[in-house]
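K.L.:
Just dropping this structure here.
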Amino acid sequence: MSYLELKKVQCKDCYLCLRECPVKAISFADHRSQIIEDRCILCGRCMHVCPQDAKLVHSDLPKVQQMLSAGKKLIASVAPSFISNLGLTSFEPLRQALKAFGFFDAEETARGAEWVTHEYARILESGTMKNFITTACPSACRLVQEYFPQALPYLAPVASPMVAHARLLLHEHPDAEVVFIGPCLAKHREAAESGVVSAVLSFDEIKSVVDLQEDGAEAAAQPSAAPTEGVAMGESGNVTCRAKGYPMTDGIIHSFHHLPGGYHYMSVDGPKRAMEVLENIDNYEGVFIEINICPGGCINGPFSLLPKGGTTKARLQMQQYLMQGIHSYPTIQDGEVAPVDLSYEFPRVLNRSRKVSDKEIEEVLRRTGKVSPEDELNCGSCGYRSCRAKAWAVLNGYADIEMCMPYMRQKAESMAFDIVHNSPEGILLVDGDLNVVDANATAMEMLDIPGDTMNFKPRPLKDFMPPLDFFLAYSQQKNMEVHKQFIMSTKRYVDIVICYMKDQNLLFGQMKDVTEEVSYEKKLDRMRNETIETTDQVIMKQMRVAQEIASLLGETTAETKVALLNLKKILRQEEEKKED
Ligand code: SF4
Ligand code: SF4
Ligand code: SF4
């Protein structure tokens, strides 16, 4: 089952989560980001740093609602950090709210924690373990099981408070199912593996479904009612409340009535410090180490509702709660034997990552341009601690070779350089003082700029071409197009696109040699003019011929008219003679 997933559409491949992940359990191979489930210790750190909120967390809330609808007898085991997370000063209001929601009952997980400390004390006093690692943190256990097998013999073989409490509850209510409520993502996996916890809810989920009445000082001063039939209330007093401090750093150490002798007691929190200690555990002797992966302990868990920087306040709230000495579970007497088995087995956990050889690593490094130790920048921008760690991830199929930013930048820059410097178009950069600060070989040739591209020295633009259009583009901060600009020195014509680059405060000029087009146009013009002239001459000639023909025709017509009139006159005269 996936307890944590990446929402692919939201992930922007910034690698922030990978940088934060202590065990590099996020894969970005083949441009697909996903949690590597068999490597993930469910510490939840990636959830908090993701600026895109691209993490999807599994929820047991629908399952719990379904179980309630089906009439199941559910008992809640509530982590002590409810105090700081839900803003309460006692357990009773939460217990009542959970019962009103449908739970058969609710108890503080601290009851199980007290038995766990009791069991720790028994083993410590036996003096059988060289070093002793204690933790209520499933992420810490997984870290040992999967990544630090050398520390496994020192991991106390005792159930966590959640599992111990669930066993107690099921011992007392065999027909019930236990739902753990707390601030921890990793409890989901632990619950599934334990076989005694049916579901896990966060404080946030609980807040969204139960009607939580504010508790007052009065309620806080009252011991809550015995939660379970047949279980007697313990005597009130600070001593028996110590196990409620488990969610704070040092909480386990402070939960002992008397610290068994023969050990140095210390605690570490945060993955980095935990890993340092686990790495070296074999070198220690007689060390008792309490580990929490969340800095500050579970009060600061992945689902904690504390505001940023609220850990100190939460710790104070927890300490005040401890000081009240309110009990909701029976006190354990010295020498008392637990009614349930408190042992737990932590087997070695293997993942699918493979070992890679130095030769393979070197080959990957070489493919990203790292051929000597100086090339290994170890900058961490890919999300891995070192170039070699990233190469290992590439070989395991967890990372793409392109994830190396300096390499990609270098590659992009060299590509950009190649493109610019091999471009058939002239490219030049002009600054605000109208100096050419860089130009490619084509531009240098077009404008007859002396020197070479590799060692370009800024020069005034006016020495090579009229600078007016560049001046206008710069002063108006806009792009411009210039057509058929004549370059005196090379007798060329160029079309220029001038772009104002705001961020760099530079002008980018892209020039196309249009000399041939201009000559061709000129030739065409000439031909056109010559054709027009020839046409005019032909027309004139034609006109002249036409006029001549017309005048000839006119003369003939006049002569014919005169002849015909004479003929008509003669005929008429002859007619008149006949009549006379
Ligand atoms: S933090 Fe991780 S999941 Fe979130 S956007 Fe960046 S790469 Fe993606
Ligand atoms: S939950 Fe923790 S271990 Fe898992 S991917 Fe996120 S940061 Fe890594
Ligand atoms: S140089 Fe590249 S591979 Fe090395 S740490 Fe930086 S980004 Fe990762």
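K.L.:
Could you give every pair whose Cβ atoms fall below 6 Å, whose first residue belongs to the range 356-367 and is more than 11 Å from I401 (Cα to Cα), and whose second residue is surrounded by 14 or more Cβ atoms within 10 Å (Cβ to Cβ) and of a type in the set (K, R), counting only separations of at least 6 or pairs across chains?
P.N.:
I361/R388
K.L.:
Within the bounds of the range 373-380, is there any residue that is within 30 Å of F132 (Cα to Cα) and either more than 16 Å from ligand 1 (Cβ to nearest atom) or out of contact with any Asp or Glu (no Cβ under 9 Å at 6 or more places or on another chain) (or both)?
P.N.:
No, the range 373-380 contains no residue that is within 30 Å of F132 (Cα to Cα) and either more than 16 Å from ligand 1 (Cβ to nearest atom) or out of contact with any Asp or Glu (no Cβ under 9 Å at 6 or more places or on another chain) (or both).
K.L.:
Could you tell me how many of the residues in the range 490-518 are polar (S, T, N, Q), part of a loop (DSSP other than H, G, I, E, B) and buried (at least 16 other Cβ atoms within 10 Å of the Cβ)?
P.N.:
Of the residues in that region, 1 qualify.
K.L.:
Considering only the range 461-472, I want to know if a residue exists there that is in the same structural domain as D431 (by TED's automatic domain parsing) and surrounded by fewer than 12 Cβ atoms within 10 Å (Cβ to Cβ). Steps first, answer last, please.
P.N.:
Step one: of the range 461-472, the residues in the same structural domain as D431 (by TED's automatic domain parsing) are 461-472.
Narrowing further to those that are surrounded by fewer than 12 Cβ atoms within 10 Å (Cβ to Cβ): none.
No; the residues of the range 461-472 include none that is in the same structural domain as D431 (by TED's automatic domain parsing) and surrounded by fewer than 12 Cβ atoms within 10 Å (Cβ to Cβ).
K.L.:
Checking the structure you have, find out if any residue of the range 76-86 is more than 25 Å from R315 (Cα to Cα) and surrounded by fewer than 24 Cβ atoms within 10 Å (Cβ to Cβ).
P.N.:
Start the filter on the range 76-86 by keeping residues that are more than 25 Å from R315 (Cα to Cα), which leaves none.
Taking every residue of the range 76-86 in turn, none turns out to be more than 25 Å from R315 (Cα to Cα) and surrounded by fewer than 24 Cβ atoms within 10 Å (Cβ to Cβ).
K.L.:
Could you tell me which numbered condition D13 fails, if it satisfies all but one of (1) modelled with pLDDT under 95; (2) more than 16 Å from ligand 3 (Cβ to nearest atom); (3) at positive phi?
P.N.:
Answer for D13: the failing condition is (2).
K.L.:
Restricted to the range 12-22, and to residues that are buried (at least 20 other Cβ atoms within 10 Å of the Cβ) and assigned to a loop (DSSP other than H, G, I, E, B), which residue is farthest from ligand 1 (Cβ to nearest atom)? If you could, list the steps in order and put the result at the bottom.
P.N.:
Initial filter on the range 12-22 (buried (at least 20 other Cβ atoms within 10 Å of the Cβ)): 15, 17-18, 21.
After this cut, where a residue has to be assigned to a loop (DSSP other than H, G, I, E, B) as well, the list is 15, 21.
Details: Y15: 5, C21: 9 Å.
Top of the filtered list is C21.
K.L.:
What's the number of the only condition in (1) in a helix (DSSP H, G or I); (2) free of Cβ contacts under 8 Å to residues at least 24 places away in the same chain that E481 fails to meet?
P.N.:
Only one criterion is unmet by E481, namely (1).
K.L.:
Taking only the range 26-57 into account, find how many residues are within 6 Å of ligand 2 (Cβ to nearest atom) and touching a Phe, Trp or Tyr at 6+ places or on another chain (Cβ under 9 Å). Full working, then the answer.
P.N.:
Of the range 26-57, the ones within 6 Å of ligand 2 (Cβ to nearest atom) are 26, 35, 40-46.
Cutting the leftovers down to touching a Phe, Trp or Tyr at 6+ places or on another chain (Cβ under 9 Å) gives us 26, 35, 40-42, 44.
Total meeting the criteria: 6.
K.L.:
Can you tell me which residue among R388, R367 is within 13 Å of ligand 3 (Cβ to nearest atom), surrounded by 11 or more Cβ atoms within 10 Å (Cβ to Cβ), more than 25 Å from the chain's Cα centre (by Cα) and not polar (S, T, N, Q)? Don't jump to the end; show me each part of the working.
P.N.:
On the way: R388 fails: more than 25 Å from the chain's Cα centre (by Cα).
The conditions single out R367.
K.L.:
Identify the single condition in (1) touching an Asp or Glu at 6+ places or on another chain (Cβ under 6 Å); (2) closer than 16 Å to G87 by Cβ that M318 does not satisfy, given that it satisfies every other one.
P.N.:
For M318, the failing item is (1).
K.L.:
Follow-up. Could you please let me know if D525 is under 30 Å from I419 (Cα atoms) and acidic (D, E)?
P.N.:
Here the answer is no, as D525 does not meet what is asked.
The values are calculated or read from the model by the stated rules, or taken from the named source; none is laboratory data. No experiment lies behind these values; they were computed from the predicted model shown. Backbone-built Cβ (ideal geometry, glycine too); neighbour counts: all protein chains shown.
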